[in-house]
Amino acid sequence: MRIPDTALYDVVIAGAGPVGLFLACELRLAGCSVLVLEQAQDPHSPLKGLPFGLRGLSVPTIESFDRRDLLDAIKDRAVSHDAPAVAHWRPQQRRPAGHFAGIQFFSDQIGSEKWPYQLPASVDSMAVDMGSIESVLADRAIAMGVEIRRGCGVEYFEQSNEDVTVRADAETVRGRWLVGCDGGRSTVRKVAGIGFTGTDPEFTGYSVEVELPDPDKLAPGRHYTATGMYTYAAPGTIAMVDFDGGAFHRTDPITRDHVEAMLRKISGTDVTVTALQLAATWTDRAYQATEYRKGRVLLAGDAAHIHSPLGGQGLNLGLGDAMNLGWKLAATIRGDAPPGLLDSYAHERHSVGAQILDWSRAQVSIIRPSRISRALEAIIRDLIETRDCATYFAGRVLGISLRYDLGEGHPLIGRNAPDFEMADGTRLNEHLRNGRGLILDFDGRPLRRTLAGHWGDRIDYVSGAVKNRLGLSALQVRPDGIVAWATDTADDDEGLAQAMSRWFGQAQDLTA
Ligand SMILES: Cc1cc2nc3c(=O)[nH]c(=O)nc-3n(C[C@H](O)[C@H](O)[C@H](O)COP(=O)(O)OP(=O)(O)OC[C@H]3O[C@@H](n4cnc5c(N)ncnc54)[C@H](O)[C@@H]3O)c2cc1C
């Protein structure tokens with residue numbers, strides 16, 4: 001490819017979906033120049049609105065939005081628990097906390113004492129439509145100076161040791177780095193020659209909005225049947241699953257006749273569909289990129305992993321990728337990243353992705369139309385009623401059990417930092433809004449302040465009392481809110497300097 005004389009961006013991102021936009025904000029926050037190339041001309045789509053665009057946000061996602069001051073804007077657009085789009089999840093008065101293959105567990109069953117470092121959050125679950133999430137993120141990205149070019153799909157690129165030259169429609173652009181956030185059928189992944197492996201689909205899933213002259217023929221809620229599974233929310237919102245090996249997905253047009261036939265087959269009723277207003281299909285194909293980085297090209301979000309929407313984790317997984325990658329790539333571009341920092345992105349996020357893919361596969365085994373699956377379902381229903389089991393499922397589904405393996409030490413290391421409330425009324429999440437690392441010192445030790453000073457261009461130091469210190473004396477938090485080091489005792493600072501070098505590179509002035 002001819003190397004054109006065009007502006008060189010620090011990062012070119014393919015895809016202005018939620019992951020590409022959130023990553024763009026992270027990189028801009030750290031001072032990088034960012035160009036986002038988006039294939040679609042128009043960001044709006046009926047599939048991004050309610051009811052099909054509804055996305056449940058996990059605790060780490062809510063925390064991340066709070067840590068970047070996006071939570072209020074997202075909260076303003078959140079769907080009320082009583083809205084019709086989510087009402088079928090509320091058949092009882094108890095507050096649902098999540099589900100596994102449609103088997104619900106409730107907040108009052110969760111033993112949060114098992115999570116000693118989880119402070120009660122102001123918000124612990126939320127559902128928002130994709131259109132709103134993208135619009136909040138795009139507004140923020142533009143306000144921060146990110147350039148977004150729509151109707152400009154990445155077709156090809158070549159990389160050298162210094163940069164990546166990208167061809168997108170009629171344009172050629174250059175970036176020091178290229179990140180593919182271009183969804184499950186990622187062009188970036190394919191051109192980079194990165195493998196994509198996993199398990200093939202067992203079913204075609206349908207999300208449809210229909211008109212039913214005789215809606216009483218379908219019972220509201222989720223139903224496992226002899227031929228599949230369907231969820232019905234009156235008056236005409238239906239999700240259903242047909243175990244056809246994924247054969248129908250993206251092959252033939254989704255017609256009214258076909259949807260009626262499927263609905264009859266799966267529900268076992270003679271229900272009639274008079275009109276089809278909206279329809280989309282999906283499958284349980286679960287594939288993951290074999291590598292998240294090839295030279296100067298990285299992958300994040302659906303470009304790196306796809307799985308069925310059962311359990312609704314894909315968006316959360318992708319936003320977690322962006323939060324993990326942003327500060328590491330920015331430090332690499334600035335030139336102050338310690339060795340291996342960028343590769344820790346793939347190391348940390350590939351294993352989280354693999355766990356989520358397995359979680360989605362396990363749910364398929366419950367909804368299969370077989371006697372074995374009904375037996376398994378009955379056992380999970382019994383187990384989920386127990387406090388221990390509900391707590392386990394909640395930890396996985398809400399993302400609270402997320403922990404990176406950052407080595408030995410305090411049990412908080414590798415986990416999301418608790419949102420401590422300081423005596424002055426500020427919260428830890430607010431102190432992370434500038435995208436820098438943080439030492440939070442509840443005992444005001446001079447040594448810790450001095451150490452923080454050595455990395456003062458990358459780290460903030462906050463000292464003082466908190467309402468509930470959870471037995472801790474101090475902790476060091478990465479820009480993505482993950483605890484890199486923690487101690488319970490005031491005179492045990494061994495490891496603090498090491499953790500600083502490991503995550504933030506060399507100190508700027510060791511004599512300071
Ligand atoms: C029915 C359904 C329900 C779901 N429910 C949930 C849920 O409750 N919770 C949850 O966490 N997840 C859920 N998901 C998954 C979630 O929607 C996805 O994981 C998420 O949208 C991935 O975001 P992304 O930015 O990585 O990719 P996408 O949202 O796919 O965005 C990719 C963007 O890249 C653009 N693009 C594509 N090719 C190119 C190219 N060559 N050049 C430039 N741009 C390109 C696309 O136009 C698009 O804008 C659900 C998915 C489905 C299908």
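Inside region 27-58, residues that are more than 12 Å from the ligand (Cβ to nearest atom) and either closer than 23 Å to ALA143 by Cβ or open to solvent by less than 50 Å² (accessible area, probe 1.4 Å) (or both) make up a count of 9.
Sort out which residues of region 186-213 are assigned to a strand (DSSP E or B) and on the phi > 0 side of the Ramachandran plot, and write them in order of number.
Listed by number, the list holds a single entry, GLY198.
Can you tell me how many residues in region 404-456 are part of a loop (DSSP other than H, G, I, E, B), touching an Asp or Glu at 6+ places or on another chain (Cβ under 6 Å) and crowded, with 22+ Cβ neighbours inside 10 Å? Qualifying residue count for the region: 0. All conditions in (1) surrounded by fewer than 17 Cβ atoms within 10 Å (Cβ to Cβ); (2) not in a helix (DSSP H, G or I) hold for ILE400, with the sole exception of (1). Of all residues in region 130-156, those being of a type in the set (Val, Ile, Thr) and within 17 Å of the chain's Cα centre (by Cα) number 2. Every listed requirement among (1) away from the ligand (no atom under 12 Å from the Cβ); (2) on the phi > 0 side of the Ramachandran plot is met by ASP169 save one, (1).
If you go through region 219-268, how many residues are assigned to a loop (DSSP other than H, G, I, E, B) and open to solvent by 10 Å² or more (accessible area, probe 1.4 Å)?
Counting residues in region 219-268 that are assigned to a loop (DSSP other than H, G, I, E, B) and open to solvent by 10 Å² or more (accessible area, probe 1.4 Å) gives 21.
Somewhere in region 143-155, is a residue of a type in the set (Asp, Glu) and either outside the structural domain of GLN39 (by TED's automatic domain parsing) or modelled with pLDDT under 95 (or both)?
Scanning region 143-155 turns up no residue that is of a type in the set (Asp, Glu) and either outside the structural domain of GLN39 (by TED's automatic domain parsing) or modelled with pLDDT under 95 (or both).
Right, ARG349: basic (Lys, Arg) and under 17 Å from the mean Cα position of the chain (by Cα) or not? Spell out how you get there, then give the answer.
Working: basic (Lys, Arg): yes; under 17 Å from the mean Cα position of the chain (by Cα): yes.
Answer is yes for this residue.
In region 145-166, the condition of being basic (Lys, Arg) and either under 21 Å from TYR292 (Cα atoms) or touching a Phe, Trp or Tyr at 6+ places or on another chain (Cβ under 9 Å) (or both) is met by no residue. Considering region 348-389, the residues that are acidic (Asp, Glu) and crowded, with 16+ Cβ neighbours inside 10 Å include one that is farthest from PRO309 (Cα to Cα), namely GLU348.
Evaluation of LYS190 against the conditions (1) open to solvent by 50 Å² or more (accessible area, probe 1.4 Å); (2) outside the structural domain of GLY15 (by TED's automatic domain parsing) shows that the sole unmet condition is (2).
The values are calculated or read from the model by the stated rules, or taken from the named source; none is laboratory data. Note that the structure is predicted; figures quoted are calculated from it, not measured. Cβ coordinates were reconstructed from backbone atoms using ideal geometry, including for glycine residues, and neighbour counts include every protein chain displayed. Side chains are part of the model used for accessible areas, which takes the heavy atoms of the whole protein and leaves out ligands, DNA and RNA. Shrake-Rupley method; radii C 1.70, N 1.55, O 1.52, S 1.80 Å.
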